[in-house]
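Asks: Attaching a single structure in structure tokens format; questions to follow.
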Amino acid sequence: MPSAKKFAQVAAYFLMKDGGTSPYMKVLKLMYLADRRYMQLYNDSITGDRAVSMPHGPVLTRVYELMNGSATDLHWAGWIAPNGRYDLRVVEGHTPEELDEIQGAEFHVLDEIYNAFGHLNQYQLRDFTHENCGEWTDPHGSSYPISAQEVFLALGSGEEEAKARASLFNERRALDEALARYR
């Protein structure tokens, strides 16, 4: 089940790398690219969030709601605060050592994504996702769900492999959601 605490810590990781503050669209794109890369390598998601195509590219839905203020959560608010209208900042006092929701391989992927894309601004990242994330389709002002199968196809899997990987991915997500209800 997607966890706002995990979302917040992944966002905080990227914000800390950027000096503590950054435009939320940049953080949102980095988080999407990290989830996508983790899917490619491990057939799983770092955040567990669902992706959609939006006009500015693919986004993680719950993360987007938390970033733009249309949803609230105490874990998120304890880590991430608005910094003006379109920027986010890490709540003062947090350190990288506190990122306990993020595990070994996840850190490696976050590092990989930041090293590859952290130097880009939010508009360059938006353009990159438009041009390089084949699962994204222009929703013309709306939003469309992005399936795991579409991501695997865009990452180069053949039709049968993408279908099989998506099936495993979706089974793992359903199991995680079922187990989360009993915690």
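The values are calculated or read from the model by the stated rules, or taken from the named source; none is laboratory data. Quantities reported herein were computed from a predicted structural model and do not represent experimental measurements. Reconstructed Cβ throughout: ideal geometry from the backbone, glycine too, with neighbour counts over all protein chains shown. Heads up: the accessible areas ignore ligands, DNA and RNA and are worked out on the full protein's heavy atoms, side chains in. Shrake-Rupley method; radii C 1.70, N 1.55, O 1.52, S 1.80 Å.
Asks: Which trypsin sites (Lys or Arg not before Pro) from the stretch 41-147 combine a DSSP loop assignment with at most 15 other Cβ atoms within 10 Å? Don't jump to the answer; show the numbers that get you there.
Replies: On the way: sites: ARG50, ARG62, ARG85, ARG89, ARG126; in loops: ARG50, ARG85.
The qualifying sites are ARG85.
Asks: Next question. Please give the solvent-accessible surface of MET67 in Å², to the nearest 10, using a probe radius of 1.4 Å with every protein chain present.
Replies: 20 Å²
Asks: What residues have an amide H closer than 5 Å to that of ILE146, excluding those fewer than 5 places away on the same chain, when H is modeled at 1.01 Å from N in the peptide plane?
Replies: Counting only residues 5 or more places away or on other chains, the set is ALA51, VAL52, SER53.
Asks: Which residue, chosen from PRO139, THR95, HIS119, occupies the Cα position most advanced towards the positive end of the dipole of the stretch 43-183, where the dipole is computed from +1 (Lys, Arg) and -1 (Asp, Glu) charges on Cβ about the Cα centre?
Replies: PRO139
Asks: On C-alpha positions alone, give me the angle between the axis of helix 24-42 and the longest principal axis of the chain, in degrees, nearest 10.
Replies: Roughly 40 degrees, rounded to the nearest 10.
Asks: Could I ask something else about it? Between helix 122-132 and the chain, what is the angle of the helix's C-alpha long axis to the longest principal axis, kept within 0 to 90° and rounded to the nearest 10?
Replies: Between the helix axis and the principal axis of the chain, the angle is about 10 degrees.
Asks: For the stretch 50-57, in order, what is each residue's ³J(HN,Hα) by Karplus, 6.51 cos²θ - 1.76 cosθ + 1.60 with θ = phi - 60°, in whole Hz (x at glycine and Pro)?
Replies: 8, 9, 9, 8, 10, x, 8, x
Asks: Right, next: Based on Cβ point charges of +1 for Lys and Arg and -1 for Asp and Glu, what charge dipole magnitude is obtained for the chain about its Cα centre, in debye rounded to the nearest 20? The partial results should precede the final answer.
Replies: Numbers: 18 positive and 26 negative charges, 70 e Å.
Computed charge dipole of the chain: roughly 340 debye.
Asks: Another question, then. Keeping the other protein chains in place, figure out the carbon and sulfur percent of the accessible area of the chain, with a 1.4 Å probe.
Replies: Values: 4670 of 9280 Å².
With neighbouring chains kept in place, the figure for the chain is 50 percent.
Asks: A follow-up question, please. Which value, in Å², gives the accessible area per residue of the chain when a 1.4 Å probe is used on the protein heavy atoms?
Replies: Values: 9280 Å² over 183 residues.
Averaged over the residues of the chain, the accessible area is 51 Å².
Asks: Between the DSSP loop rule and a limit of at most 12 other Cβ atoms within 10 Å, which GluC sites (Glu not before Pro) in the stretch 83-183 are left? Intermediate results must be reported in sequence, preceding the final value.
Replies: Working: sites: GLU92, GLU97, GLU98, GLU101, GLU106, GLU112, GLU131, GLU135, GLU150, GLU159, GLU160, GLU161, GLU171, GLU177; in loops: GLU92, GLU101, GLU135.
Sparse-neighbourhood loop GluC sites (Glu not before Pro): GLU92.
Asks: To the nearest 10 Å², what's THR95's accessible area with a 1.4 Å probe?
Replies: We get 50 Å² for THR95.
Asks: Counting only protein chains, not ligands or nucleic acids, how are LYS26, LYS5, LYS17, LYS163 ordered by accessible area (probe 1.4 Å), most first?
Replies: Values: LYS26 15, LYS5 60, LYS17 95, LYS163 120 Å².
Accessible-area ranking of LYS26, LYS5, LYS17, LYS163, largest first: LYS163, LYS17, LYS5, LYS26.
Asks: Any of LYS6/LYS29; LYS6/LYS163; LYS6/LYS26 with alpha carbons more than 20 Å apart? Name them for me.
Replies: On the way: LYS6/LYS29 16 Å; LYS6/LYS163 28 Å; LYS6/LYS26 18 Å.
Cα-Cα > 20 Å for LYS6/LYS163; rest within.
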